[in-house]
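Following: one structure in structure tokens, then a few remarks.
Laboratory data are not the source of any read-out in this text; all were calculated from the coordinates shown. Every value quoted in this text rests on a predicted model; they were computed, and no experiment measured them. Note that we place each Cβ from the backbone using ideal geometry, even for glycine, and neighbour counts take in every protein chain shown.
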Amino acid sequence: MTEPTAPASSPASPAASPDPAAASPGDGSGTGRDDLAAGLLAAMPYAVALGVELTEARPQVARGRLEWSAERCTAGGVLHGGALMALADSVGAVCAYLNLPAGAGTATVESKTNFFRAVRQGGVRAVAKPLHVGGTFIVVQTDLYDDHDRRVGQTTQSQAVIAPRPAPAG
């Protein structure tokens with residue numbers, strides 16, 4: 001991602017995020033894809049502060065999770081919609097990032113969420129998949145599920161593909 005144009009909800013820069021092509025499949029040892037997921041999440045401080053976990057990070061699918069907690073709720077002990085949207089945005093941004101051409105950055109330009117049911121306990125898992133990967137936009141759909149595999153919500157976001165800027169002369 002390019003630092004000047006990346007939103008706080010997306011990985012900030014190539015230096016802050018590992019190279020997806022250099023990653024190898026994770027074996028639980030903390031290497032390869034496990035390091036990729038950890039590095040991508042670390043580049044999103046808001047997601048880390050919220051408690052988002054990134055469990056899988058591949059161009060074809062990114063997965064994450066957010067646990068219910070009273071601090072993340074609105075009235076009646078319901079997980080706040082903003083927390084659900086942040087989960088979907090964070091996991092969707094990772095999916096978009098992993099589909100960028102070399103050196104390009106991305107920024108969310110549109111995001112729409114539908115909520116289907118309340119979450120009052122357990123956690124929510126997010127599954128993000130690209131719907132369209134083009135030269136100027138990447139569109140990602142993120143489905144949110146509760147611990148009973150019921151769909152909680154669905155987010156569709158459009159990410160602009162931002163070409164790398166040439167280095168300043170001189």
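Laid out as a table, the results:
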| read-out | value |
| --- | --- |
| Test: residue in the stretch 104-112 that is acidic (D, E) and over 28 Å from T136 (Cα atoms) | no |
| Lone qualifier among G122, G105 - being at positive phi, surrounded by 12 or more Cβ atoms within 10 Å (Cβ to Cβ) and out of contact with any Gly (no Cβ under 9 Å at 6 or more places or on another chain) | G122 |
| Strands (runs of 3 or more DSSP E) lying entirely in the stretch 44-121 (those with 3 or more residues that are touching a residue at least 60 places away in the same chain (Cβ under 8 Å) and within 19 Å of R150 (Cα to Cα)) | 62-67 |
| Residue in the stretch 107-122 that is over 30 Å from G77 (Cβ atoms) and touching a Pro at 6+ places or on another chain (Cβ under 9 Å) present | yes |
| Hey, V127 closer than 30 Å to P166 by Cβ, in contact with a Gly (Cβ under 9 Å, 6 or more places away or on another chain) and among the hydrophobic types (A, V, I, L, M, F, W, C) or not | no |
